[in-house]
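**Q** First the structure, which I've put down as structure tokens, then a few questions once you've had a look.
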Amino acid sequence: MNLPSVAVVILNYNGKNYLEKFLPSVLSSTYSNLKIIVADNKSTDDSLPFLIEHYENKIDILILMENHGFAKGYNEALKKVEADYYVLLNSDVEVTPGWLEPIIERMEKDKTIAACQPKIRSHREPHLFEHAGGAGGWMDTLGYPFCRGRIINQLEEDTGQYDDVADIFWATGAAMFVRAKLFHQIGGLDPDYFAHMEEIELCWRLRRAGFRIKVVPQSVVYHVGGGTLPPTNPKKTYLNFRNNLVTLLKNESKRKLLWLFPVRLVMDGLAGVLFLSEGKFADIWAVIRAHWYVFLNFPSIIKKRLAIRDNIEKVSIFKPNKRGVYSGSIVWDFYIRKIQYFKDLNI
């Protein structure tokens, strides 16, 4: 039997230490029809000399002429990669033996699956799920993302409670499996996002076309996290608040946006009050800048909304997929009802 071709693509920016530590685990992958590509996003460290010296004959090296960020960087790199499946893998991820096979096998059996993720554990605390993906991404009714295994900033211990293959809303960008042809047909990642939430927005488009997003926990990887921006970085705050609002404006229904968008602006304001109580003045400014970006770029965001609708219609197979959406508010549940674990939600 001819196995489908798989390209594991690692987008690197100043990640020599991570490549040195984790690339050997990727090279130990047992999947036979595999190529491994490191796309360098104009690193200023010794990443390229290191790769050329130690891995030139073992992997493909793509050199991007500027730092495009995560979203556009992957778009530019994947234009040059031919495969049946792409695996977008962060440089700070350690993979485990046999990590590719369960997911590719699952996607081959079900052509309605557009993207998948493995179970993501913390590299620093391996018994815990990792923030960026846990055991699969969900979205609440107000547009806030969370995970099986992670609500807000509370990580669960992995005791096998989420070891079922399950439908989810979004697959983590730290280790995303996606059908290559569909990735391009649906429009790839939004380059204006730079980083943060671009994988969620991509999965939302795929779901709107009727495709399914899955987590296959029989595949396990360990993610360091925060490799590009630390969790408390105001730039990360800006990107998260900005990109979340843009994602809603691009993908949510017009009827729901009439009430949801004003509610979200108010909730962002409440987040600003929380930052004020913690003395995080740079984060307050980040939220304000995120809002101004949305207001000033509102016409172009709506233009994108119309453009992606056309792409979605071209590849649509079913009515929009509704799985992975929580009918409640994860913010209310976490801060007011004191629910910290996914398994305790009324899902």
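The values are calculated or read from the model by the stated rules, or taken from the named source; none is laboratory data. Just so we're clear, the structure is a prediction, and the values are computed from it rather than from any experiment. Counting neighbours? That spans all protein chains shown, and the Cβs are built from the backbone with ideal geometry, glycine included.
**Q** Which of the following residues is in contact with a Leu (Cβ under 8 Å, 6 or more places away or on another chain) and in a loop (DSSP other than H, G, I, E, B): Ile347, Ile339?
**A** Sole residue among the options that is in contact with a Leu (Cβ under 8 Å, 6 or more places away or on another chain) and in a loop (DSSP other than H, G, I, E, B): Ile339.
**Q** Right, next: Looking at (1) surrounded by fewer than 21 Cβ atoms within 10 Å (Cβ to Cβ); (2) of a type outside the set (Val, Ile, Thr); (3) assigned to a helix (DSSP H, G or I), find the lone condition where Gln218 falls short.
**A** Just one mismatch for Gln218, condition (3).
**Q** Still on this structure: Which of the residues spanning the range 252-279 are over 25 Å from the mean Cα position of the chain (by Cα) and either within 19 Å of Arg305 (Cα to Cα) or not assigned by TED's automatic domain parsing to the domain that holds Arg305 (or both)?
**A** Across the range 252-279, the qualifying residues are Arg255, Leu258, Trp259, Pro262.
**Q** Test each condition in (1) surrounded by fewer than 21 Cβ atoms within 10 Å (Cβ to Cβ); (2) at pLDDT below 95 for Glu252 and report the one that comes out false.
**A** Of (1) surrounded by fewer than 21 Cβ atoms within 10 Å (Cβ to Cβ); (2) at pLDDT below 95, only one is false for Glu252: (2).
**Q** Spot the failing condition for Glu66; the list is (1) part of a loop (DSSP other than H, G, I, E, B); (2) over 30 Å from Trp259 (Cβ atoms); (3) at pLDDT 95 or above, and only one is missed.
**A** Every listed condition holds for Glu66 apart from (3).
Residue-by-condition table, conditions (1) among the aromatic types (Phe, Trp, Tyr); (2) surrounded by 22 or more Cβ atoms within 10 Å (Cβ to Cβ); (3) in contact (Cβ under 8 Å) with a residue 24 or more places away in the chain; (4) within 19 Å of Val6 (Cα to Cα):
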site: Asn41; (1), (2), (3), (4): no, yes, yes, no
site: Ile52; (1), (2), (3), (4): no, no, no, no
site: Ala71; (1), (2), (3), (4): no, yes, yes, no
site: Ala77; (1), (2), (3), (4): no, yes, yes, yes
site: Tyr85; (1), (2), (3), (4): yes, yes, yes, yes
site: Glu94; (1), (2), (3), (4): no, no, yes, yes
site: Trp99; (1), (2), (3), (4): yes, yes, yes, yes
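**Q** Related question: Which of (1) at pLDDT below 95; (2) over 30 Å from Pro126 (Cβ atoms); (3) loosely packed, with under 12 Cβ neighbours inside 10 Å does Gly269 not meet, given it meets every other one?
**A** (3)
**Q** Could you check the range 279-335 for helices (runs of 4 or more DSSP H) lying wholly inside it with 1 or more residues that are exposed (fewer than 12 other Cβ atoms within 10 Å of the Cβ)? Steps first, please.
**A** Details: elements: 281-296, 298-315, 330-335.
Passing ranges, in order: 281-296, 298-315.
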